[in-house]
Amino acid sequence: MRLSKFFMPILREAPREAEIVSHQLMLRCGMIRQETSGIYSWLPLGYRVLTRIMDIIRKEQARAGSLEMLMPTIQPAELWKCSGRYDDYGKEMLRITDRRENEMLYGPTNEEMITDIVRSSVQSYRDLPLNLFHIQWKFRDEIRPRFGVMRGREFLMKDGYSFDLTAEDGRHAYNKMFVAYLRTFAAMGLKAIPMRAETGPIGGNMSHEFLILAETGESQVFFDSAFHEKDWSTFSIDYDDRDAVAKVVEEFTSMYAATEEMHDPKRFATEVPEERRVTGRGIEVGHIFFFGTKYSEPMGCTVLGPDGKEITLQSGSYGIGVSRLVAAIIEASHDDAGIVWPQPVAPFDLGLVNLRQGDAATDAASEKLYEELVKAGLDVLYDDRNDRAGEKFARMDLIGLPWQVVVGPRGIKAGTVEIKNRATGERQDVPLERVVEHMRDACMEVPA
Ligand code: P5A
């Protein structure tokens, strides 16, 4: 992509209403634009990151055996009356009436709708287990939408739902998602600590939140510093191996980690040696629930078992804050100059900077490199604009692409370009003919 043809409305200064660094940087980079309180447009740069996050989620969900589908944003109120949640949800739910006076709502979540789909389409025990997910916009009329897309009113969620015959199978489905979430966040360059959690309006009797640490996080968290030493990135798993999956879950849940609501100071003190007790703040990027029959029972979600008897299904639901993640990643990964994208979610793999647009030799070398890098399968943002070098550097640092390939007149004379690693600031002169290979190695070095 040529910057001259891209739409990335950079702001020199952060608008005053932005209180936290991720919100400031997202606005400054032209990633999002607020339309009204808690509702945002995603501009091309921001949408690229959102897309890469969705790609990672899809890949890990598929590995864990979940099937993607798409349910609507608008739901009939009828379903929610059936589960008993229509009144419980209160003012957070946006209620709508259509021209025929039908009561509708903009979905804050989809437990009712998916349960309705399963109860009407699945008749036999042979059709189970089932695990379905979608990535869809939600609306929650939050009292205090704030921090940009971190706590929005309209926000993008990945929500998945499991249906099983027995509590034991349901537990396995829950464990699989637990592990899939660890893998998903790790693949984005994040360490998301699973913490025992309250279930709130979603309900159920077992639940974990996944939180990433950040000073600006809305939740106070208490955990064992042993989490810092854990290696999130490498474990692979055979999802059909129940014991192996349960073992990973056990390994993580046996270490103390709790949000304020669930924190037990006495247990914390007895279980965790003093020097390992950490109190900090975290951002909730995922939340999983096991319901048993909480939704299946009132909604009559049953199948016929092998003996012809009715079985009420065991269900669970599994959420990831997709749009929140974009802000959360920035909170976890930035410096004074701007964003520092982890490679797997970066909007482009690298920025190619032509330091002297209009100089025949640098123009020719930049154009040639651009063509070759794109041909090699790399996502390149090519700064071909006629701006001052200082402005170009500052802009590249601000938008935080993992690598900068800088083409300047002096280097071209010597047959080299400078490659800068955004995260470490390390610079290296690389011969022109080796740049493509160098960048390919650097960018494809993604953890399995
Ligand atoms: C799980 C999937 C649920 O809604 N039902 C379907 C369950 N869980 S949850 O915890 O309420 O939400 C899941 C994740 O969505 C993100 N999230 C938000 N992101 C941005 N703005 C909001 N207002 C918002 N509310 C929830 C969180 O990451 C949460 O973990």
(request) Taking the chain as the reference, fit the longest principal axis to its C-alpha atoms, fit the long axis of helix 435-444 to the helix C-alpha atoms, and give the angle between the two in degrees, 0 to 90, nearest 10. (result) 20
(request) Pop the C-beta distance of S4 and D379 into the FRET formula with R0 = 22 Å and round what comes out to the nearest 0.05. (result) 0.80
(request) Report the FRET efficiency, 1/(1 + (r/R0)^6), for S120 and T166, where r is their Cβ-Cβ distance and R0 is 22 Å, rounded to 0.05. (result) 0.50
(message) If each residue of separation counts as 0.36 nm, what is the full-extension length gain between E271 and A244 once their alpha-carbon separation is subtracted?
(response) 7.2 nm
(message) Can you give me the Kirkwood hydrodynamic radius for the stretch 1-106, using every pair of distinct Cα atoms, in Å to one decimal?
(response) 17.6
(request) Estimate the FRET efficiency between E218 and D359 by the formula 1/(1 + (r/R0)^6), using the beta-carbon distance for r and 60 Å for R0, to the nearest 0.05. (result) 0.75
(message) Can you compute the helix-only [θ] at 222 nm over the chain? Use -39500 (n - 2.57) per DSSP H run of at least 4 residues, normalise by all residues, nearest 500 deg cm²/dmol.
(response) -10000 deg cm²/dmol
(message) With the crude spin-label approximation of a point 7 Å out along Cα→Cβ, what separation in nm comes out for S225 versus S41?
(response) 4.8
(request) Can you pull a Stokes-Einstein diffusion coefficient for the chain at 10 °C (1.306 mPa s), Rh from Kirkwood over Cα pairs, as a whole number of µm²/s? (result) 66
(request) State, to one decimal in nm², a quarter of the convex hull surface area for the C-alpha atoms of the stretch 321-448, i.e. the direction-averaged projected area. (result) 8.1
(message) Going Cα to Cα from K158, which lysines come in below 18 Å? Please leave out same-chain ones fewer than 8 positions away.
(response) K59, K138, K176
(message) Viscosity 1.002 mPa s, temperature 20 °C: what is the translational diffusion coefficient of the stretch 89-216 from Stokes-Einstein with a Kirkwood Rh over Cα pairs, rounded to a whole number of µm²/s?
(response) 125
(message) Let me spell out the model: positive unit charges on the Cβ of Lys and Arg, negative unit charges on the Cβ of Asp and Glu, origin at the Cα centre of the stretch 231-317. What dipole size does that give, in debye rounded to 20?
(response) 260
(request) Using a 10 Å cut-off on Cβ atoms, rank the peptides 203-211, 80-88 from the highest mean neighbour count down. (result) 203-211, 80-88
(message) Whole-Hz ³J(HN,Hα) for each residue in the stretch 213-224, computed from phi via Karplus 6.51 cos²θ - 1.76 cosθ + 1.60 with θ = phi - 60°, x for glycine and proline: what do you get?
(response) 7, 6, 4, 8, x, 7, 10, 7, 10, 10, 7, 7
(request) Give the relative contact order (percent, whole number) for the chain; include only Cα pairs under 8 Å separated by 6+ residues. (result) 16
(request) Give the residue from L132, T51, P72 lying farthest towards the positive end of the charge dipole for the stretch 26-133; charges sit on Cβ (+1 for Lys and Arg, -1 for Asp and Glu) and the dipole is referred to the Cα centre. (result) T51
(message) Sort 366-372, 128-134 by the packing proxy (mean of other Cβ within 10 Å over each peptide's residues), most packed first.
(response) 128-134, 366-372
(request) First check a/c for the stretch 19-175, with a ≥ b ≥ c the square roots of the eigenvalues of its C-alpha gyration tensor; if it is under 1.5, answer rounded, and if not, answer prolate when a/b is larger than b/c or oblate otherwise. (result) oblate
(request) Please express the Cα-Cα pair-distance distribution P(r) of the stretch 47-108 as a list of whole percents, one per 5 Å bin, running from 0 to the bin with the greatest distance. (result) 4, 14, 18, 15, 12, 13, 17, 6, 1
(request) Measure up K392/K413; K392/K420; K230/K420; K191/K420; K230/K266 against 18 Å on the Cα-Cα distance and list the ones that go over. (result) K392/K413; K230/K420; K191/K420; K230/K266
(message) For the chain, take the longest principal axis of its alpha carbons; what is the angle in degrees between that and the long axis of helix 167-187, to the nearest 10 within 0 to 90?
(response) 10
(request) Indicate the gyration tensor shape class of the stretch 173-220 (rounded, prolate or oblate), computed on the Cα atoms with a ≥ b ≥ c the square roots of the eigenvalues: a/c under 1.5 is rounded; otherwise a/b larger than b/c is prolate and the rest oblate. (result) oblate
(request) When a/c is below 1.5 the answer is rounded, else prolate if a/b is larger than b/c, else oblate, so apply that to the stretch 304-383 with a ≥ b ≥ c taken from the square roots of the Cα gyration tensor eigenvalues. (result) oblate
(request) Report the semi-axes of the equivalent ellipsoid for the stretch 180-302 in whole Å, largest first, where each axis is √(5λ) for an eigenvalue λ of the Cα gyration tensor. (result) 25, 19, 15
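Computed from the coordinates by the stated procedures, all read-outs in this text should not be read as laboratory data. Quantities reported herein were computed from a predicted structural model and do not represent experimental measurements. Positions of Cβ are generated from backbone atoms using ideal geometry, with glycine treated the same way; all protein chains shown enter the neighbour counts.
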